[in-house]
Structures are given as C-alpha cells and as structure tokens.
Amino acid sequence: MSKSPASPWIPMLLSTGITLTAFAGITYWVVGQFPANKDDLAHSHNDEQAYPDSEKAHDSEKAHDSDKHWSYKGITGPENWGQFSEIAKIGKRQSPIDLITDNAITPTKLAPVKFNYQDSVFVLKNNGNTIQAECDLEKNNIQIGGHQYSLLQFHFHATSEHLINGQNYPMEVHLVHRMDKSHEKDIDPALEDTPEPEHYAVVGVMIKEGKENPLIRDLWSKIPDTKEAPIHYFIKGENVSAFLPPEGKRSYYRYNGSLTTPPCSENVLWTVMSEPIEFSKEQIETFTNLYRNNNRPVQKLHRRFVLHYKDPLDNPLASEPLTTPEGQSQPAAPGKPEQFIPPLPKGEVGIHPTPIIINPIPSQPAQIAPLTPKEIKPTLTIND
C-alpha cells in the first residue's frame, strides 16, 4: 500500500509562524524607541530641555523655568506661593503682619537688642527680586536673650512689608541674622533655662522720606544689573548701624514668624523697630525705579502674641521696673526669651510720683461758752 502525501497545511503553518515572529520582533524594536510610561515621558522631556537643538525645545525650557520661579505678581505671586512651599499656604506663623500697639503686650522684663556692627566688606548684588548686600559674619552680630546671631545679609522692600498700626512706609530694610552656635558656650549660666531660640533673627526697620542715608549714598553709587557680577564695597566709617534708629529710640515689636519669601519657613524671631529711619527722596526713587511692590501682603496673626519693648530713654515718664539696692536688674521668670531688665539710666528715677497739693481750710476762732461769776461770801475762822 503506498504512503499518502504530506498534508498541505504544514507548510502554510510554518510560513505563518515565521511571519508572526518577524512582525513581533519588529514591533518590539519600534516600541522600544518610545517611553513606556509617564516617568519615561518625563525623562524624555528633560532630555529635550537638556539638549535644546530646536527653537521649540528652547521655548519649552523657558516656560518650564518661569513656572517654577516665584515672583510678586501673577500665577507665581504671593497668593500662589503655596505651589512652591505648602507652609506658605497653611502656616500659622507667617510674616509679615500688622503690628497694633494697643494689642501688643509690654513685659516688664523685655531687654534691648545688643547691636555689634563694625566697618566691613559688603558684597552688593541684584538678584532679580531686590537689592541685597552680604556681610562679614565675623564683624557683625546681635545678641538677643543671651544668644548671638551673625549678620548674613540685608535687603530692601518697597513698600514696607510690615505695617505699624495699619500704616505702611515707602520702604523697609531687613537685617537677616543666623544663630551662631559657636558662641553658645559663652552664655551666662543664669540663662541656661532659656528655651531653644529661633534659627534666624531678622531686624526690620521702616524707612521714610527725609535726609540722606550715608551708607546708602555709597552703596547706591553703583548698583549691578541682574546679569552683572556682585560689587564689593569696603566703606570706612559707615556700617550697618546706619540702618538703626538712634540710641534712645530703639523701641521695638517682637513676634515669632517666618521668612517673607519662599520657602516661607517658620523659624524666624522678628524684631521690628518702632522708630523709622530716613532715606532721601532720590535714594528711595533709585530703588523703586528698579523694584516697586516687591512686598508680601500682611498675613493673619492667628493666636500669636506680639511683644512691645519701650526704650526707657524714649519714654522717660513711663513706669519702669524697680531695681535691687545694688543696682542689679531683677531676673525674669523662667521660660522668657529675655532674661534681664535694663538698668535705669543714671540720674533718673523710674517712677515719678504725682505731687500732692493740700489746700487747708481757713481756721476760725473757737467758740467758748461765757463764764458766769459766782458771789463768794467771806467766812472767819478761829485762827483768824
């Protein structure tokens, strides 16, 4: 019996299998050239920005950068800073605020700030948001409650960020200090119970129009452009004290707050001077021609306390706490950031009593009852 010929289906199946295998291989290679998921898509977008060979890629990169940088207006303005830092939106200790004198607390044991500013090098730069000067850390510091803070930099806002009793000022300067832990060992043992201070201490000073400021006169002589290198200044005879009210007029407000620009971190001990300083009209206009309205709106106070220190020389009739017979100030209660009461100025009395005036009633002669004489009859005795 002869064998039957092979089935004609076998060659067809083999041919179909080879075709499908080849198609699968080609498909795998093609798909491998495209991102498989969203993460890969993001990496692909970044690669396009890293190598902008076309005008389209360059425009995409610029749009990406502008979306990520905060500003003072528009979709990246203060109302939308939460996209850069969540605490800017939900924080409870944000700055600046409106400082209301009548609502502030005036502790009897709040001490003045000790300023130690010396002639040093300033590095002036234009960072696109303000004019800022970096300072010599070794020569500029302040002391608050036994803790030392070194001056990092100062910068300017127009109009002022803080308000005082609802009033703003043409400008405000911020002196930004960072706590210097290298000096913590020098703290008086009596202050060891002081609570952990904030990481930064910023001194805010209001600026109004008036006479020329000598330090600004030199710094404003040449302000670099945003694309230019910073300028180094050494100004002999003028230091950051030029941004402080004169001695005797250094009353201030104090509260716990935040940085006033992103990331708006809530780690700042604020000291805002009550007394403004003066810049000339030309000096103010030099800044506002570059930056106007680079100020964050005031934030809610929430449940924070604002303290108010009154300089005794600026309030000679105000009642001051009494000192001990030896002239030493009374220690503050535990838990207070400032531990000592400033001694009273020599030759002055802390309490001025109101003079007492006595108006006596005119005296009148006393009323004496009339005497009625009685008749006495003489009598004789044997001895007579």
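The values are calculated or read from the model by the stated rules, or taken from the named source; none is laboratory data. In this text the structure is predicted, and so the values were computed from the model without any measurement. Positions of Cβ are generated from backbone atoms using ideal geometry, with glycine treated the same way; all protein chains shown enter the neighbour counts. The accessibility values were calculated without ligands, DNA or RNA, using every heavy atom of the protein model including side chains. Shrake-Rupley method; radii C 1.70, N 1.55, O 1.52, S 1.80 Å.
Quick notes on this structure:
- For segment 213-287, trypsin sites (Lys or Arg not before Pro) are listed when DSSP marks them as loop and at most 11 other Cβ atoms sit within 10 Å of their Cβ; the list is Lys222, Lys227, Lys236.
- Prolate/oblate/rounded label for segment 216-324 (Cα gyration tensor, a/c 1.5): oblate
- Percent accessible area from carbon and sulfur atoms, segment 197-320, protein chains only, probe 1.4 Å: 48 percent
- When each of Lys109/Lys249; Lys114/Lys310; Lys89/Lys310; Lys92/Lys281 is checked by Cα-Cα distance, pairs over 25 Å: Lys89/Lys310; Lys92/Lys281
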